[in-house]
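Read-outs: derived from the displayed coordinates by stated rules, not from any lab. Remember, predicted model here, so these are calculated numbers, not experimental data. Ideal geometry is used to build each Cβ from the backbone, glycine not excepted, and the neighbour counts take in all protein chains shown.
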Amino acid sequence: MPSFEPPRPPMTLRDAGLEPALVEDLVLKHLLSLGEFKMADVAERVKLPISIVASVLEEHRRENLIEVKGSASFTRTSYVFRLTEAGRRKGQELLEQCRYAGPSPVSLEEYSEMVRRQTVKNIAGSEDALRNALSGLVVNEQVINRLGPAMISGQAIFIYGPSGNGKTSIAEAVGRAMPENIYAPYAVAVAGRIVSLFDPACHVQVQPQGEGEECDPRWTLIKRPVVNTGGELSMNMLDLKYSHTSKYYEASLQMKANNGLFILDDFGRQQVDPISILNRWLVPLERQIDHMTLQSGSKFVIPFDVLVIFSTDLDPKDLLHEAFLRRLRYKIRIDRPSEEEYLTIFKNACKSSEIDFSQEVYSYLEGQWYGARGIERNACHPRDLIDLIVTHSRYYQKPAALTLESISAACAEYFVQL
């Protein structure tokens with residue numbers, strides 16, 4: 001559970017920090033798909049307390065947009081409503097203007113304040129949590145000792161080294177080791193526009209434990225987010241995405257990653273020049289704020305509270321100038337495994353696939369392929385070679401086994417021979 005208080009439910013629209021017109025329009029769009037409804041049905045959809053929903057429905061009733069069909073008692077909460085023809089027409093018009101019909105947004109001010117309260121800077125990460133997150137990997141002890149302090153600093157981390165040696169897996173393990181859950185809003189209201197923020201691809205919801213304080217339902221409890229992007233990254237993914245079809249905005253990748261981890265994998269292999277990416281993030285990395293722009297040209301500021309990990313298999317000096325490297329305070333090289341580490345990785349791969357390890361076959365692999373052919377060991381080789389053996393045995397419908405024949409066939413398939 002988080003160590004900070006949850007956002008408290010608003011009692012009025014003023015408490016919610018929202019313009020009445022925005023909420024009234026959002027409610028009306030929801031009513032289009034409800035048919036007959038009670039106040040509780042609307043409150044569940046828009047994630048607002050009954051007290052606010054009641055005032056909004058009363059306004060719609062005065063404008064002849066809804067009508068009361070019946071009631072189980074004299075209390076307003078038991079009223080059964082339905083849209084009038086005028087309400088249906090207006091709801092359709094509103095959908096043409098903006099198709100967002102999700103939970104009510106929070107205000108930009110409330111969102112910014114909550115991000116600051118849940119900051120990733122100086123989080124109370126522990127060595128045990130990091131080692132537990134890395135437990136499925138064979139990682140050099142020096143790397144672990146350097147990675148821990150880098151994680152809790154909240155500063156950008158630059159991970160580099162030859163391809164296939166676990167850089168991505170190590171970066172993702174940092175995300176698993178980050179402590180505490182956080183609260184994220186479903187959407188944020190900015191200058192009367194809606195920015196959709198919650199994304200199931202980045203955010204993992206968590207069920208609250210115990211009898212904690214009541215939480216504003218416009219927020220949901222999630223694990224600290226981990227956003228991972230690689231060669232597909234383009235500059236427009238770092239800004240708000242406006243859909244001309246739906247007529248509302250989707251948050252940028254770094255906004256979705258706030259209070260969590262942003263992994264920029266395969267750095268330097270994007271179609272965008274790496275200097276352009278760092279120039280875009282120069283102010284956010286140094287000042288912990290980011291500037292966003294609406295279609296109207298109106299700009300606004302959001303917190304940039306993100307632990308950024310750059311991961312590359314390219315030479316850092318070929319990628320960046322010294323001035324940029326200096327700003328990436330933590331630089332950690334992930335090298336090829338030693339002979340001892342490689343043996344451990346190989347045995348783990350055999351165990352994972354339920355194949356008996358053979359020292360004779362392993363010695364053959366070491367001598368005839370890595371030794372005689374001068375192939376350099378990578379941490380990914382054991383997993384890939386064993387996978388080839390398993391696939392081959394499945395095709396020929398026989399038990400997978402580590403033999404001289406099977407490892408020879410796997411190596412011949414896997415390694416490029418010039």
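Assorted remarks:
- Sorted fewest first by neighbouring Cβ atoms within 10 angstrom, H321, H392, H381, H203 come out as H321, H392, H203, H381.
- Ordering T245, A129, A372 by Cα displacement along the dipole of the chain toward the positive end leaves T245 in first place; charges were set at the Cβ atoms of Lys, Arg (+1) and Asp, Glu (-1).
- Arranged from fewest to most other beta-carbon atoms within 10 Å of their beta carbon, M151, M39, M11 become M11, M39, M151.
- Calculated log₁₀ intensity ratio I(q)/I(0) where the Debye formula runs over C-alpha points of region 108-333, q = 0.15 Å⁻¹: -1.03
- Beta bridges per DSSP with both ends in region 108-333, % antiparallel, nearest 5: 45 percent
- Given charges at beta-carbon only (K, R positive; D, E negative), |dipole| of the chain in Debye: 800 debye
- Looking at region 339-414, the pairs of alpha carbons with a distance over 15 Å make up 50% of the total.
- Between region 339-392 and region 1-70, the alpha-carbon center distance in angstrom: 61 Å
- Neighbour-count ranking [beta-carbon atoms within 10 angstrom, fewest first] of T312, T391: T391, T312
- Altogether, the Stokes-Einstein calculation at 25 °C and 0.890 mPa s, with the Kirkwood radius of region 137-186 over Cα pairs as Rh, returns a diffusion coefficient of 197 µm²/s.
- Among the chymotrypsin sites (Phe, Trp or Tyr not before Pro) found in region 52-142, those both in a DSSP coil and sparsely packed, with 14 or fewer other Cβ atoms within 10 Å of their Cβ, are F74.
- Considering only beta bridges that DSSP places wholly inside the chain, some 50 percent are antiparallel.
- Under 20 Å from the Cα of K38 - aspartates and glutamates, other chains or at least 8 residues apart: E24, D25, E58, E59, E63, E67, E85
- Cα-Cα P(r), region 1-148, percent of pairs per 5 Å interval: 2, 8, 15, 15, 13, 9, 7, 6, 6, 6, 5, 4, 2, 1, 0
- Listed residues V272, V361, V226, most fluctuating in the chain (Gaussian network, C-alpha, under 10 Å): V361
- Computed [θ] at 222 nm, helices only, for the chain once each DSSP H run of length n ≥ 4 contributes -39500 (n - 2.57): -11500 deg cm²/dmol
- In units of the rule-of-thumb radius 2.2 N^0.38 Å, region 1-50 shows an alpha carbon radius of gyration of 1.35.
- Options (1) 20.3; (2) 26.7; (3) 25.8 - which one matches mean projected area of the Cα convex hull in nm² as calculated here: (2)
- Its alpha carbons considered, region 140-256 gives a radius of gyration followed by a Dmax of 17.4, 52 Å.
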